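Beneath this line is the structure, given in structure tokens, with notes to follow.
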Amino acid sequence: MKIIRLLFLLCLWSGQVLAAGPAKVATIDRALWPEAIDSREAFDRASAAEILQFASMMNTVPLGSEEEIETFTGLKQVNFASVAQWREKTQRQLMQGYGNATGQTGIDRWETLLELADERLPTLNSQWLKASAQFYQYYLFEQVRLAALFPRISSEILTYDQSELTGENYADGEFLLTFDDGPHPTRTKQLITQLTEKEIHATFFVLGHKLAEAKNKALYQNQCLGSHGWRHRAHKDLSWSKSSVEKTVQALAPFSSLNTQKGFRPPYGMRTAEISAWLREQGHPVYLWNIDSQDWNGKMSAKQVSDRVTTLMLLWRKGIILFHDIHPKANIALPELDHLVNQTRLKWRSCI
């Protein structure tokens, strides 16, 4: 078992540097789940299984010390307190999610959820179990690695205060679609056309320097706008960040949209506590996310992106989904995700 785990970790660490993402990301073929997810009841059954599988995986990997976290992540410097905070938050969310999925009350002890996982997972489809176990091995690595780096390298994994939004406080079954890095010369318009046809109101976090050059001031009229900063770079310096946000707010002004929000999404989710506090004072809520589509990743097909997002929607049951309108995969994945939402009586949260 130790040899297998070592090989798994070496595969994850391969070619990565400190600030880069892992070499492999979590993907799964949704066709392996043996039941069509075409009703809310079917969604809840699949959701309960995902929650139990991730809980079981979390219990398998020892993360009780800095040394164990370093061994798992391959990082030389980790923040034990951040990982502990992430674990506590995640355990709480999984227990709540399982209760919502099953209607079962009294899931207020982590040990109870683990007992249910031990009891019920062996009864599920073996092919799905094997593929899902691998998915959550990789996903756990993604999450723990981000937590171990926080706040030295900040991200969406944790918040500085309650004014920073991740979607974790949304109603059960409610998801907000968001798109970063635009506008793109052709893909943004194609995506907005599709969103409008489906009566979905999403939020586009735009780059100021691109927006200033865009001629179509009505491009976003059926959607909502937020700031992604002037250029796509980490917002770590307070002075530069203030200029970046203020210039982008000015660039947003001429554009017609359902709602030109004061919301700000930092590139990479990277910001400091000082910058977060300044944004709060200026009335710019920080929009993070809890479902990363990985649509920017060249190793991921559009189908893999869709399957990953579907799986994480089942796992978290609510939240903010991160896409990028400068890449083509969101356009391809959207019909399948919208079909899932409509079939299962979930809800696209309106940005208005």
Dipole of the chain [Lys/Arg +1, Asp/Glu -1 at C-beta], most positive-end residue of ILE192, ALA26, LEU165: ILE192
The chain: relative contact order in percent, alpha carbon pairs under 8 Å with at least 6 residues between: 22 percent
Average Cα contact separation per residue, region 76-234, under 8 Å, 6 or more apart, as relative contact order %: 18 percent
Accessible surface of the chain, 1.4 Å probe, proportion on carbon and sulfur as whole %: 51 percent
Centre separation in Å (Cα based) which lies between region 306-352 and region 273-297: 19 Å
Anisotropy class of region 249-303 from Cα gyration tensor, a/c 1.5 cut: oblate
Three-way shape label, region 130-172, alpha-carbon gyration tensor, a/c 1.5: oblate
Rounded to 10°, Cα long-axis angle of helix 40-60 versus longest principal axis of the chain: 70 degrees
Principal semi-axes in Å for region 41-84 [√(5λ), Cα gyration tensor, largest first]: 30, 9, 8
Shape category assigned to region 94-167 from the gyration tensor of Cα positions, a/c cut at 1.5: oblate
Cα-based reach from LYS303 at 24 Å (exclusive), listing lysines while leaving out same-chain residues under 8 positions away: LYS24, LYS130, LYS189, LYS198, LYS318, LYS329, LYS347
Area accessible to solvent at ASP307, 1.4 Å probe radius, in Å²: 0 Å²
Residue with peak Gaussian network fluctuation, the chain [Cα springs, cutoff 10 Å], from THR27, THR123, THR90: THR123
Selected from ARG145, ARG271, ARG120 as most flexible by GNM, with the chain as the system and alpha-carbon contacts under 10 Å: ARG120
Per residue, in Å², the accessible surface of the chain once ligands and nucleic acids are set aside, probe 1.4 Å: 44 Å²
The chain: calculated mean residue ellipticity at 222 nm from DSSP helix runs of at least 4, using -39500 (n - 2.57): -15500 deg cm²/dmol
For region 234-251, 3J(HN,Hα) per residue [Karplus equation, 6.51 cos²θ - 1.76 cosθ + 1.60, θ = phi - 60°, Hz, x = Gly/Pro]: 4, 9, 10, 8, 5, 4, 5, 5, 4, 4, 4, 5, 5, 5, 5, 4, 5, 5
Cα centre as origin, Lys/Arg/Asp/Glu Cβ charges: the chain dipole, Debye: 980 debye
Residue of HIS339, HIS324, HIS232 that the Gaussian network model of the chain assigns the largest fluctuation, springs spanning Cα pairs under 10 Å: HIS339
Reachable lysines from LYS242, criterion Cα separation under 19 angstrom, eight or more residues apart if same chain: LYS210, LYS262
Rounded to the nearest 20 debye, dipole of region 54-138 from Cβ charges on Lys, Arg, Asp, Glu: 320 debye
Positive-end extreme of charge dipole, region 274-321 - chosen from TYR287, LEU314, ASN297 (charges on Cβ): LEU314
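The values are calculated or read from the model by the stated rules, or taken from the named source; none is laboratory data. Source: prediction; values computed, not measured. Because the Cβ atoms are built from the backbone with ideal geometry, glycine has one as well, and the counts that use them run over all protein chains shown. In case anyone asks, the SASA skips ligands and DNA or RNA and just uses the protein heavy atoms, side chains included. Shrake-Rupley method; radii C 1.70, N 1.55, O 1.52, S 1.80 Å.
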